[in-house]
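Structure, as structure tokens:
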Amino acid sequence: MRTITCKNCGAVFSDRLSSCPYCGTMNKKGAYAEFRRKVSSLIDAMLGLKENVEQSVSRIVLSSLLRSLIFIAVILGIAFAFSRTAQVNYKNDPKYDQQAYEEITWMNENLSKLNEAYESGDMKAVEKLYYQQPNAVRNWSRYPSYALKLAYQKIRDEDRFDAYRFQRMLHFIFKPEIFTGYNGMSRVDEEEYAEMQDDLTAELEMRGYTLSELKEIYEKCADSYGYADSDLLKQYMKEG
């Protein structure tokens, strides 16, 4: 298996993949191969349909059906090729290459600072570095843990108990991916997260909520994407 190095994040992956599995950067060769495989699969499916059509179906109907399927396949192929070409052109844009180079260079120069600040618990120092180069820091292996800790600290530092803070506490307890990104929780220390989660749960329990009640409230106020509506949460507020 041949491998290539991602121009954006430096990850090594198979040249057969259409994009980098780590940052999503397009692999032109792999994308083209994927397109050819899909067209080939579609043609095989059409030929199989032709072979399996019952003999009672007239040749005119069969011919019309096949022409329609081929027409649809061509349209889909053109649309797919156009979208891939647009993305490849974007990735080959000198400005994009320059941006990727600057992000990688910045990360190489500041990775030790990020790690030192994180290990010492100085989230403000990490936050300052984050605002210098947000895209680069989001690719940092400790970014999900940092984002979760930062959210926790901001929730804890807020003295008021209003619907917005209640919303963030419920998100932290039941849907922490909102803070870390949907693949980020796999890189977060489970015990560390559990301690922060238990701390916020304990505060809410002191206000008169039970864990089962909190889950029920969250489910009632969450939309299809799992985001709790702060306006809906107002009716469930307890002063404690």
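The values are calculated or read from the model by the stated rules, or taken from the named source; none is laboratory data. Just so it is clear, the model here is predicted, and its values are computed rather than measured. Cβ placement follows ideal geometry from the backbone for every residue including glycine, while neighbour counts extend to all protein chains displayed.
Suppose we filter 101, 118 for residues that are part of a helix (DSSP H, G or I), among the aromatic types (Phe, Trp, Tyr), modelled with pLDDT of 90 or more and under 30 Å from residue 188 (Cβ atoms); which single one remains?
Residue meeting the stated conditions: 118.
Going by the conditions given, is residue 166 in a loop (DSSP other than H, G, I, E, B) and either more than 30 Å from residue 139 (Cβ to Cβ) or not aromatic (Phe, Trp, Tyr) (or both)?
Details: in a loop (DSSP other than H, G, I, E, B): no; either more than 30 Å from residue 139 (Cβ to Cβ) or not aromatic (Phe, Trp, Tyr) (or both): yes.
Considered against the rule, which asks whether it is in a loop (DSSP other than H, G, I, E, B) and either more than 30 Å from residue 139 (Cβ to Cβ) or not aromatic (Phe, Trp, Tyr) (or both), residue 166 comes out as no.
Inspect all residues belonging to segment 148-159 and state whether any of them is out of contact with any Cys (no Cβ under 9 Å at 6 or more places or on another chain), part of a loop (DSSP other than H, G, I, E, B) and in the same structural domain as residue 100 (by TED's automatic domain parsing).
Taking every residue of segment 148-159 in turn, none turns out to be out of contact with any Cys (no Cβ under 9 Å at 6 or more places or on another chain), part of a loop (DSSP other than H, G, I, E, B) and in the same structural domain as residue 100 (by TED's automatic domain parsing).
Among the residues of segment 188-201, which ones are part of a helix (DSSP H, G or I) and surrounded by 15 or more Cβ atoms within 10 Å (Cβ to Cβ)?
Across segment 188-201, the qualifying residues are 193, 196, 197, 200, 201.
Tell me whether segment 205-220 contains one or more residues that are of a type in the set (A, V, I, L, M), under 18 Å from residue 143 (Cα atoms) and in a helix (DSSP H, G or I).
no
With in contact with a helix residue (DSSP H, G or I) (Cβ under 9 Å, 6 or more places away or on another chain) and more than 20 Å from residue 148 (Cα to Cα) as the only criterion, which of 177, 219, 192 stands out? It would help to see each step written out before you state the result.
Values: 177 fails: more than 20 Å from residue 148 (Cα to Cα); 192 fails: more than 20 Å from residue 148 (Cα to Cα).
None of the others qualify; the one that does is 219.
Kindly list, by first and then second residue, each pair from a residue in segment 125-139 that is outside the structural domain of residue 180 (by TED's automatic domain parsing) to a residue that is among the charged types (D, E, K, R) and surrounded by 15 or more Cβ atoms within 10 Å (Cβ to Cβ), limited to pairs with Cβ atoms under 7 Å and residues at least 6 apart or on different chains.
From segment 125-139, the pairs are 133/103; 135/103; 136/103.
Please state which of the following conditions residue 144 fails to meet, knowing it meets all the rest: (1) in a helix (DSSP H, G or I); (2) of a type outside the set (Ser, Thr, Tyr); (3) out of contact with any Lys or Arg (no Cβ under 8 Å at 6 or more places or on another chain); (4) surrounded by 15 or more Cβ atoms within 10 Å (Cβ to Cβ).
(3)
Answer with yes or no whether residue 195 is farther than 19 Å from residue 222 by Cα and not assigned by TED's automatic domain parsing to the domain that holds residue 24.
yes
Taking the condition touching a helix residue (DSSP H, G or I) at 6+ places or on another chain (Cβ under 9 Å) and either within 22 Å of residue 239 (Cα to Cα) or surrounded by 14 or more Cβ atoms within 10 Å (Cβ to Cβ) (or both), does residue 132 pass?
No: the conditions fail for residue 132.
Just wondering, is there one or more residues in segment 104-114 that are within 30 Å of residue 238 (Cβ to Cβ) and in contact with a helix residue (DSSP H, G or I) (Cβ under 7 Å, 6 or more places away or on another chain)?
So far as segment 104-114 goes, no, none of its residues is within 30 Å of residue 238 (Cβ to Cβ) and in contact with a helix residue (DSSP H, G or I) (Cβ under 7 Å, 6 or more places away or on another chain).
Among the residues of segment 121-141, write down those that are farther than 25 Å from residue 192 by Cβ and part of a helix (DSSP H, G or I). Show your work before the answer.
Kept after step one, since they are farther than 25 Å from residue 192 by Cβ, are these residues of segment 121-141: 132-133, 135.
Of everything in segment 121-141, those that are farther than 25 Å from residue 192 by Cβ and part of a helix (DSSP H, G or I) turn out to be 132, 135.
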